[in-house]
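> My questions will all concern the structure given below.
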Amino acid sequence: MKLFGTDGVRGEAGGFLSAEVAMRVAMAAGIYLKEKSVTNKILVGKDTRKSGYMIENAIVCGLTAIGYDVIQIGPMPTPAIAFITENMRCDAGIMISASHNSFEDNGIKFFDARGDKFPEEVEKKIEDIYFNDEKIKEAQVTGKEIGKAKRIDDVVGRYIVQLKNSFPVELTLQGMRIVLDTANGAAYKVGPTVLEELGAEVVVLHNEPNGYNINEDCGALHTKDLKYNVIKYRADLGIALDGDADRLVIVDEEGETVDGDQLLGALGLFLNEKSCLKGGGIVATVMSNGALDDFMQEHGLKLLRSNVGDKNVLEIMKKEGINFGGEQSGHVIMNDFAKTGDGLVSALQVLALILSKGKKASEILRPFELHPQKLVNLNVKEKRPLEQIEGLEKLLKDLEGENIRHLIRYSGTENKLRVLLEASDAKLMEKRMDELVTFFQKALNG
């Protein structure tokens, strides 16, 4: 069994991600971390899913059983865990969240002492320990060596200060009306607080979590309510976060969604104009639209691409000395202010761009036209290796012969196949997508 996917350990709470699995993976991670422990403290936060109680207690049990002290801070955004882990000098941080997934799922994300996500080689070592019964048994302690757990509720102030420090001191949100959808998730308190403290009039949507309604017809994946309310309240901007607030979607004053690649281009150029863009370019993923490449080149900047996943984006950013990147899905990494995708940090930079230019969101956030592109997510019964699917190789060669760019991959967190096509001929692309969908439904679902 493989534990780690694209973004930590994720699955159905009580199913794949049982209390036993959560406890054991926490023990395995703790055993690995003990070798280089400095403070013997690990931070644990979560989003608003009901299953978070079960998983949190299991993690605390596992860590204290091997002698670690645990700091529990309750519901907080994923990027807050990364920041507070480093700020409080913890050996590591753990976030309990399944991000944009529905409430039935949950997940465990790990951050090191510097607030960076664990690389794959560390995840592999933790998996090896997880399956080593002897190591797990030997690591458990008794008597005075058993760890303790402490819950603290005032760390949110540290994160709020960090967020406000990312916003230019010479600017204010006074006079701006913003609609914020917190997805009934981890930012339901901190999101409105930050915007209001910076002077904005905030209309807040979906900020009443009940353990089951996280991401339910709201947030970054479901923007219908946000669009409606932006128009209704004549707002300057709409901001949608996902369940753990590490991604965002922007809706302009006309109620139209801003494409994630266009947002990356607009922010990248803005940072470059302010001489704040390091490394001479930005990092996106293989999913990003080809028009973003063209836009960067037009302005003398480079676009580097990584595999899907914000930690893969960050890896190339570090390697190339670049401080800005992200995914078209809404994970935007502003490395000067956050160690991972941070929806609130990114939203504040969007607001800074709008205020600095003195233009409306619809005028400034779409600096180039996109190439026709379509993404389809197919539910699949099994994740059969693509190279074993008979007839697929020929289909893909035919697409390439028609100058249709393709990217086909399985989700790392769900039983889904993601099919992306991009071409200059939209009608041909639609036709080929229909053919591909039919092909995969027959090949993978019978």
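> Looking at the range 345-354, can you tell me whether even one residue there is assigned to a loop (DSSP other than H, G, I, E, B) and either open to solvent by 10 Å² or more (accessible area, probe 1.4 Å) or free of Cβ contacts under 8 Å to residues at least 40 places away in the same chain (or both)?
no
> While we're looking at this one, here's another question. Can Asn335 be described as under 22 Å from the mean Cα position of the chain (by Cα), open to solvent by 30 Å² or more (accessible area, probe 1.4 Å) and more than 28 Å from Val169 (Cβ to Cβ)?
For Asn335, the condition - under 22 Å from the mean Cα position of the chain (by Cα), open to solvent by 30 Å² or more (accessible area, probe 1.4 Å) and more than 28 Å from Val169 (Cβ to Cβ) - is not met.
> Quick one: in the range 118-144, of everything that is outside any helix (DSSP H, G or I) and open to solvent by 30 Å² or more (accessible area, probe 1.4 Å), which residue is modelled with the lowest pLDDT?
Pro119
> Residue under question is Lys374, and the condition is that it be at pLDDT below 95, under 28 Å from Glu254 (Cβ atoms) and among the charged types (D, E, K, R); does it hold?
When the stated conditions are applied, Lys374 passes them.
> Please enumerate the residues belonging to the range 74-83 that are more than 11 Å from Arg114 (Cβ to Cβ) and crowded, with 24+ Cβ neighbours inside 10 Å.
Met76, Pro77, Thr78, Pro79, Ala80, Ile81
> Continuing with this model, one more query. Consider the range 50-71. How many of its residues are open to solvent by 40 Å² or more (accessible area, probe 1.4 Å), among the aromatic types (Phe, Trp, Tyr) and within 17 Å of Ala92 (Cα to Cα)?
0
> Continuing with the same structure: Just give me the residues in the range 388-446 being assigned to a helix (DSSP H, G or I) and open to solvent by less than 40 Å² (accessible area, probe 1.4 Å), in sequence order.
Leu392, Leu396, Leu399, Met429, Met433, Leu436, Val437, Phe440, Ala443, Leu444
> Still on this structure, please answer the following. Does Met88 meet the test of being surrounded by fewer than 19 Cβ atoms within 10 Å (Cβ to Cβ) and touching a helix residue (DSSP H, G or I) at 6+ places or on another chain (Cβ under 7 Å)?
So Met88 does not fit the description; no.
The values are calculated or read from the model by the stated rules, or taken from the named source; none is laboratory data. Everything numeric in this text was worked out from a predicted model, so none of it was measured. With ideal geometry, Cβ positions are generated from the backbone for all residues, glycine too; neighbour counts draw on all protein chains shown. Remember, those area values only see protein heavy atoms, side chains included, never the ligands or the DNA or RNA. Shrake-Rupley method; radii C 1.70, N 1.55, O 1.52, S 1.80 Å.
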